[in-house]
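A short worksheet on the structure shown next.
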Amino acid sequence: MPRFMRRTASRWRAAMILLEVLLLMGAAFLAVYVRFISDPEPLSAYTSLWLQGVRALLFATMMVLGMTTMGLYQTHLRETWAGALSRQAVGFMLGTLVLLTVFYLFPPLEFGRGILALALAFGFVFVAGLRVASQRLIDVEALKQRVLVLGSGERASLIEQRLRRNSDRRRFRVVGYVPCGNETPRVGDDKLVSIDTPLAEWALFNRIDEIVFGPDDRRGGPPMHDLLQCKQIGIQVTDLASFFERESGKIKLSLTDPSWLVFSGGFDSSLGRVLSKRAMDVVASLAVLALTWPLLLLVALAIRIESGKGQPILYRQERVGLLGSVFPLIKFRSMRTDAEQDGVARWAGKDDDRITRVGRIIRRTRLDELPQLWNILRGDMSIVGPRPERPEFVSELDADLRYYNLRHCVRPGLAGWAQLRYAYGASKQDAEEKLKYDLFYVKNHNLLFDILILIQTFEVVVFGRGVR
């Protein structure tokens with residue numbers, strides 16, 4: 001298979017979205033044809049190809065947005081077929097609700113009910129069929145990125161240890177590991193390869209798409225001349241830390257050093273990025289507030305009824321924000337008023353007996369977080385970013401975990417990449433794992449990434465993931 005046929009994960013995802021948009025538009029056109037096949041007279045209302053194309057594109061866009069909200073375009077989504085179909089069904093329902101709202105606001109774009117029902121049915125089948133076919137296609141070895149690893153020691157063996165599942169390797173296949181220097185191989189002998197010709201010549205002959213540089217001893221430096229030759233003939237050259245970052249969606253702390261962080265790019269703090277992020281914070285916060293204000297009143301009433309008069313409804317707690325500044329975070333109170341009567345800060349645990357009955361409900365639905373919209377409007381927080389931690393925990397974690405203070409390069413957020421990818425953090429071990437995702441976000445954040453995180457956060461609320 002030619003190299004240009006094997007795509008990176010982002011290109012594959014973009015191709016999938018485009019194909020699904022085309023299939024959904026085809027479903028909308030087919031629905032019109034089937035609806036009027038036995039009664040062609042009303043078809044005159046749909047003879048405008050331009051208008052029908054706009055309707056079909058609108059239908060396809062809403063369905064894709066609904067599926068995006070349910071996380072169906074996440075690169076690292078692991079799900080059973082039943083789970084994937086359930087997510088797709090919920091995504092179609094969400095897309096339909098938004099579509100009906102658009103129809104109400106712009107009546108000329110409206111489908112008939114019969115046409116909409118048929119388009120949904122056809123579209124669901126088409127998308128499900130494409131996903132079945134694409135999953136089988138991904139598993140075809142000829143379409144996978146062929147990777148050669150320079151190194152076979154402790155560092156290189158992390159690929160075998162951490163990316164060992166089939167779902168982790170759907171986009172690439174390791175052709176072999178090349179021992180470098182005097183390192184002791186930590187991978188199986190059957191995975192070792194010996195190169196007795198120039199690297200570029202060997203790689204070209206064996207159809208290598210990417211070379212990952214990951215020896216244990218890097219003091220001698222990489223073979224720059226050989227790697228440059230490989231790059232000149234179109235072979236991608238990647239260091240091990242960047243390879244893990246790309247394939248796992250997080251930063252592997254054991255592979256990371258300050259020089260890699262400095263020279264690897266990212267960490268965008270340009271004026272344009274700062275202004276776009278702040279604009280999104282204000283617009284998104286006001287939009288969420290406009291949609292959820294009745295829930296705010298109901299939650300406040302429920303807390304008052306359960307706790308009685310004189311008991312606080314809101315809870316203020318110090319958290320660490322941008323550049324280590326401390327601010328008062330506002331939440332609905334979900335624990336007893338004597339939860340930390342002794343003044344000792346504690347992680348929230350599973351089935352924590354300090355949580356009230358109302359508190360369990362609002363924690364599971366994330367309604368306890370809604371008052372933080374005020375923190376966002378004030379500028380203490382952002383709509384998307386690492387979750388803010390308490391100063392007591394930050395000082396402890398900063399002393400134990402490398403690069404923990406880098407989380408504070410951006411404002412903390414109401415939603416975040418770590419919340420989507422990892423469960424609720426309630427220990428140092430959890431904090432270390434979430435830090436890998438937080439650093440990935442801090443390094444790679446942009447407006448599109450923020451939008452994707454925000455709409456996929458809906459999935460966390462619907463399925464109740466990561467809640468204690």
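Numbers at a glance
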item	result
Entirely in segment 196-303, the helices (runs of 4 or more DSSP H) that have 1 or more residues that are touching a residue at least 12 places away in the same chain (Cβ under 8 Å), assigned by TED's automatic domain parsing to the domain that holds Pro179 and surrounded by 13 or more Cβ atoms within 10 Å (Cβ to Cβ)	199-205, 224-232, 240-248
Residue selected from segment 423-468 under the condition among the aromatic types (Phe, Trp, Tyr) and out of contact with any Phe, Trp or Tyr (no Cβ under 6 Å at 6 or more places or on another chain), by the criterion modelled with the highest pLDDT	Phe440
Residue match in segment 41-53 (condition: at pLDDT 70 or above and under 13 Å from Ile115 (Cα atoms))	yes
Among residues of segment 399-437, those that are part of a helix (DSSP H, G or I) and more than 14 Å from Gly321 (Cα to Cα), counted	17
Residues being at pLDDT below 90, surrounded by fewer than 18 Cβ atoms within 10 Å (Cβ to Cβ) and in contact with a helix residue (DSSP H, G or I) (Cβ under 7 Å, 6 or more places away or on another chain) - total across segment 171-195	1
Count of residues meeting criterion [assigned to a helix (DSSP H, G or I), of a type outside the set (D, E, K, R) and surrounded by 12 or more Cβ atoms within 10 Å (Cβ to Cβ)] in segment 304-317	1
Of all residues in segment 188-204 being more than 14 Å from Arg146 (Cβ to Cβ) and among the small types (Gly, Ala, Ser), the one that is nearest to the chain's Cα centre (by Cα)	Gly188
Single residue of segment 74-101 satisfying the filter (at pLDDT below 80 and either farther than 26 Å from Arg171 by Cα or not in a helix (DSSP H, G or I) (or both)) that is nearest to the chain's Cα centre (by Cα)	Gln74
Qualifying position, being under 23 Å from Gly272 (Cβ atoms), of a type outside the set (Val, Ile, Thr) and buried (at least 22 other Cβ atoms within 10 Å of the Cβ), among Leu414, Leu377	Leu414
Count - residues of segment 93-138 that are touching a Gly at 6+ places or on another chain (Cβ under 8 Å) and polar (S, T, N, Q)	1
Residue within segment 136-156 that is modelled with pLDDT under 90 and surrounded by 17 or more Cβ atoms within 10 Å (Cβ to Cβ) present	yes
Ile383 being within 21 Å of the chain's Cα centre (by Cα), within 16 Å of Asp281 (Cβ to Cβ) and touching a residue at least 40 places away in the same chain (Cβ under 8 Å)	yes
Residue check for Arg387: within 21 Å of Gly265 (Cα to Cα), of a type in the set (Lys, Arg), in contact with a Gly (Cβ under 9 Å, 6 or more places away or on another chain) and modelled with pLDDT of 90 or more	no
Counted residues, segment 316-335 - those being in contact (Cβ under 8 Å) with a residue 60 or more places away in the chain and among the charged types (D, E, K, R)	2
Any hit, segment 28-36, residues being in contact with a Pro (Cβ under 7 Å, 6 or more places away or on another chain), surrounded by fewer than 19 Cβ atoms within 10 Å (Cβ to Cβ), at pLDDT 70 or above and not in a helix (DSSP H, G or I)	yes
Of all residues in segment 327-375 being of a type in the set (Lys, Arg) and in a loop (DSSP other than H, G, I, E, B), the one that is modelled with the lowest pLDDT	Lys350
Failed item, numbered, when Met62 is tested on (1) at pLDDT 80 or above; (2) loosely packed, with under 14 Cβ neighbours inside 10 Å	(2)
Where a residue in segment 92-106 is free of Cβ contacts under 8 Å to residues at least 24 places away in the same chain and its partner, wherever it lies, is part of a loop (DSSP other than H, G, I, E, B) and surrounded by 14 or more Cβ atoms within 10 Å (Cβ to Cβ), with Cβ under 6 Å and at least six apart	Phe103/Glu110
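The values are calculated or read from the model by the stated rules, or taken from the named source; none is laboratory data. As the structure is a computational prediction, the values presented were derived from the model and not from experiment. Glycine gets a Cβ as well: all are built from the backbone with ideal geometry, and neighbour counts include every protein chain shown.
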